[in-house]
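Everything below concerns the one structure shown next.
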Amino acid sequence: MHLFDIPSIGKITLNGLISSVQDVCIDGTNNHLEWTHENGLLEVNCNRLTSDDMAPTVLRVSLAEELRIIPEQAVMWDGEKPLAVRSNCFDTGYGFSDEGCYTSLNQTVIRQTIYFISKVDREITFNLQGEIQDQKETFVITLNGEEQLFIGERLLQNEIGPFSIKANELNIFSVALAEPSYKEKDIHMALDVIEINSRS
């Protein structure tokens, strides 16, 4: 992180950092700074910094794992009451398909994804609300790499799951075609709500 001035409030914050933090220091020195990291919020105490440290200064944040950031669309869930995630919080995956020539490219929707974080460990299920154009199409539901297959006509009628999730970890839930006839085929699904439910 680049720091161009000493913060007037005595600290800097970085929100949305999931990765575990090991250390924060001024890059190239042994000047280690005090910090806290809870629920994705990293706060670094800058009270020990002096004007001599500013050149500007690069703060080095050492991580215990690869960098993981909470996406902007991520929602927090208490793990108790059902949570209805509406389409304005979806991360839509787009593609382009042609109709036999490059001048006829059309934008397609190839997946719908939500990101959420639960405050507690839970066994959960999902319910989808919306419309599917081809009821016979096979869809793949993915949560953190675990997959389940559904025929379109059952996808909006059946409970999806169960899945197990851990507290304070980013969960990624996606809907896509299981075996599209071509890579960027439109899923032809208009989802309105993805509802998360606790089984505990």
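Yes or no, residue by residue, for (1) surrounded by fewer than 16 Cβ atoms within 10 Å (Cβ to Cβ); (2) of a type outside the set (Phe, Trp, Tyr); (3) closer than 16 Å to VAL193 by Cβ:
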{"position": "GLY130", "(1), (2), (3)": "yes, yes, yes"}
{"position": "LYS136", "(1), (2), (3)": "yes, yes, no"}
{"position": "GLY145", "(1), (2), (3)": "yes, yes, no"}
{"position": "GLY152", "(1), (2), (3)": "no, yes, no"}
{"position": "PHE163", "(1), (2), (3)": "no, no, no"}
{"position": "VAL175", "(1), (2), (3)": "no, yes, yes"}
{"position": "ALA178", "(1), (2), (3)": "yes, yes, no"}
- Apart from one, (1) outside the structural domain of VAL140 (by TED's automatic domain parsing); (2) assigned to a loop (DSSP other than H, G, I, E, B); (3) under 17 Å from ASN168 (Cα atoms) all hold for GLY79; the odd one out is (1)
- Message: Quick check on my filter: what residues within segment 12-40 are among the small types (Gly, Ala, Ser) and either in a strand (DSSP E or B) or loosely packed, with under 13 Cβ neighbours inside 10 Å (or both)?
- Response: SER20, GLY28
- Which ones in segment 152-170 are touching a residue at least 12 places away in the same chain (Cβ under 8 Å), closer than 22 Å to GLY130 by Cα and not acidic (Asp, Glu)? GLY152, LEU155, LEU156, ILE160, GLY161, PRO162, PHE163
- Among the residues of segment 18-39, count how many are over 23 Å from PRO71 (Cβ atoms), of a type in the set (Val, Ile, Thr) and at pLDDT 90 or above. 1
- With the condition kept exactly as written, say whether any residue in segment 23-42 is of a type in the set (A, V, I, L, M, F, W, C) and in contact (Cβ under 8 Å) with a residue 40 or more places away in the chain. no
- Message: Can you say whether PHE96 is in contact with a strand residue (DSSP E or B) (Cβ under 7 Å, 6 or more places away or on another chain), closer than 22 Å to ILE172 by Cβ and in the same structural domain as ASN158 (by TED's automatic domain parsing), as far as the supplied structure shows?
- Response: no
- Among GLN157, GLN133, which is the only one that is in contact with a helix residue (DSSP H, G or I) (Cβ under 9 Å, 6 or more places away or on another chain), modelled with pLDDT under 95, assigned by TED's automatic domain parsing to the domain that holds GLN112 and on the phi < 0 side of the Ramachandran plot? GLN133
- Could you grab me the full set of residues in segment 171-200 that are within 20 Å of GLN133 (Cα to Cα) and hydrophobic (A, V, I, L, M, F, W, C)? VAL175, ALA176, LEU177, ALA178, ILE187, MET189, ALA190, LEU191, VAL193, ILE194
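The values are calculated or read from the model by the stated rules, or taken from the named source; none is laboratory data. Owing to the predicted nature of the structure, the values given are computational and were not obtained by experimental measurement. Virtual Cβ from ideal backbone geometry, glycine too; neighbours counted across all protein chains shown.
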